[in-house]
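Notes to accompany the following structure.
What follows is calculated from the coordinates using simple rules that are stated; it is not laboratory data. This is a predicted model, so every value here is computed, not measured. No Cβ is skipped: glycine too gets one built from the backbone with ideal geometry, and neighbour counts run over all protein chains shown.
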């Protein structure tokens with residue numbers, strides 16, 4: 001007869017891994033492997049999540065907190081939505097919204113139209129097309145500030161490259177045209193700033209020139225994915241160039257056009273370098289868009305609470321544009 005084992009000794013044996021049954025050990029090892037397999041993506045993404053949290057999430061929440069504060073000599077004071085109320089009561093804010101709409105519409109239409117036309121030409125396999133594409137990408141590698149300074153130097157009175165043409169009374173009566181100082185025309189629709197000032201038109205052209213390479217690359221890539229058999233079959237059936245463009249090319253590259261549209265809208269909404277270096281919001285306030293107004297309130301007037309409120313409004317508009325892009329691309333996918 002074997003001696004009995006005390007209860008404490010039995011518990012120690014049961015808790016000792018050396019005495020676990022083989023099946024229990026295999027189950028534990030299998031569960032550990034499954035946990036590692038399922039959690040491995042998280043540990044691989046953790047460094048990126050930490051960087052995003054530091055550079056994106058924390059600044060976003062800090063901006064939201066800052067938009068509810070105002071700076072006092074003794075420190076920050078909570079004011080709730082007072083910064084938003086002050087912002088909406090500003091005449092310059094409403095004026096900047098109108099300027100932003102005019103700028104975005106002109107910027108998007110000019111860039112998309114010119115980009116699509118150039119992409120159609122490059123898609124024909126022209127001679128030296130590689131050289132043309134290389135030259136086309138020059139604006140893309142230039143910073144916004146530098147591009148704005150270059151375009152400003154072109155029209156500076158007295159010594160600008162185009163100043164002699166612009167100041168010719170025969171071409172621009174009665175006293176010539178000074179783009180950087182010309183008074184905007186009388187609005188047609190109440191206080192809405194249309195037609196735009198010459199400086200706004202010039203800013204639209206400069207911004208479109210800066211963004212053109214990316215749009216051309218996007219359009220050209222979309223056009224080159226269209227099988228040539230489809231175009232040749234349509235021409236055999238009697239379709240002319242305009243019909244091929246309208247009924248074949250445009251529908252097939254519509255998702256790319258939508259992405260380009262919202263990409264240009266986002267870049268135009270948030271870009272400030274070109275406005276800062278080219279017009280500075282002037283003459284007067286004729287080119288004061290929301291992004292430059294944000295800079296002026298924050299760093300010009302040192303009202304960081306009101307600037308943060310404007311930043312939150314622009315962020316909401318950006319999110320709506322992103323959600324709209326995802327919605328439309330999903331419907332057309």
If you take the square roots of the eigenvalues of the alpha-carbon gyration tensor of region 47-124 and sort them as a ≥ b ≥ c, do you get rounded (a/c under 1.5), prolate (a/b over b/c) or oblate?
oblate
Compute the helix-to-body angle for 304-332: its Cα long axis versus the longest principal axis of the chain, expressed 0 to 90° and rounded to tens.
80 degrees
Rg and Dmax [Cα atoms of region 40-90; Å; Rg one decimal, Dmax integer]:
16.8, 52
Quick one: if you stick a label point 7 Å off each Cα along the C-beta vector at residue 33 and residue 165, how many nm between them?
7.4 nm
Packing rank of 40-47, 92-99, 254-261, 271-278, where each peptide gets the mean count of other beta carbons within 10 Å, highest leading
271-278, 92-99, 254-261, 40-47
Yeah, region 169-237 with a ≥ b ≥ c from its alpha-carbon gyration tensor (a/c under 1.5 is rounded, else prolate when a/b outruns b/c, oblate otherwise) is prolate
Would you mind checking the tilt of helix 144-155 against the longest principal axis of the Cα atoms of the chain, expressed as 0 to 90 degrees and rounded to 10?
0 degrees
Residue 172 versus residue 127: modelled label distance in nm, points set 7 Å from Cα along the beta carbon direction:
3.9 nm
Among 166, 52, 120, what is the fewest-to-most ranking by other Cβ atoms within 10 Å?
52, 120, 166
Using Cα atoms only, what is the angle between the long axis of helix 22-52 and the major principal axis of the chain, expressed in degrees (0 to 90) to the nearest 10?
20 degrees
Against the 2.2 N^0.38 Å scaling, with N counting residues, where does the chain land? I'd like the Cα-based Rg ratio to two decimal places.
1.53
Over what distance in Å are the Cα centres of region 62-82 and region 263-328 separated?
21 Å
Helix-only [θ] at 222 nm, the chain, -39500 (n - 2.57) per DSSP H run of 4+, per residue, nearest 500, equals -20500 deg cm²/dmol
For the residues 62, 132, 84, what sequence is obtained by ranking on other C-beta atoms within 10 Å, fewest first?
62, 132, 84
Just the number, please: Stokes-Einstein D of region 114-188 in µm²/s, Kirkwood Rh from C-alpha pairs, 25 °C, 0.890 mPa s.
158 µm²/s
As an exercise, find the ratio Rg/Rh for region 253-301 from alpha-carbon atoms, using the Kirkwood inverse-distance average for Rh.
1.15
I want to verify the translational diffusion coefficient of region 221-293 in µm²/s; compute it with Stokes-Einstein, Rh as the Kirkwood radius over Cα pairs, at 37 °C and 0.692 mPa s.
214 µm²/s
What ranking, highest mean first, results for peptides 150-159, 228-237, 308-317, 176-185 when packing means the other Cβ atoms within 10 Å averaged over each residue?
308-317, 176-185, 150-159, 228-237
Using the 10 angstrom Cβ neighbour count as an exposure proxy, how do 141, 110 rank, fewest first?
141, 110
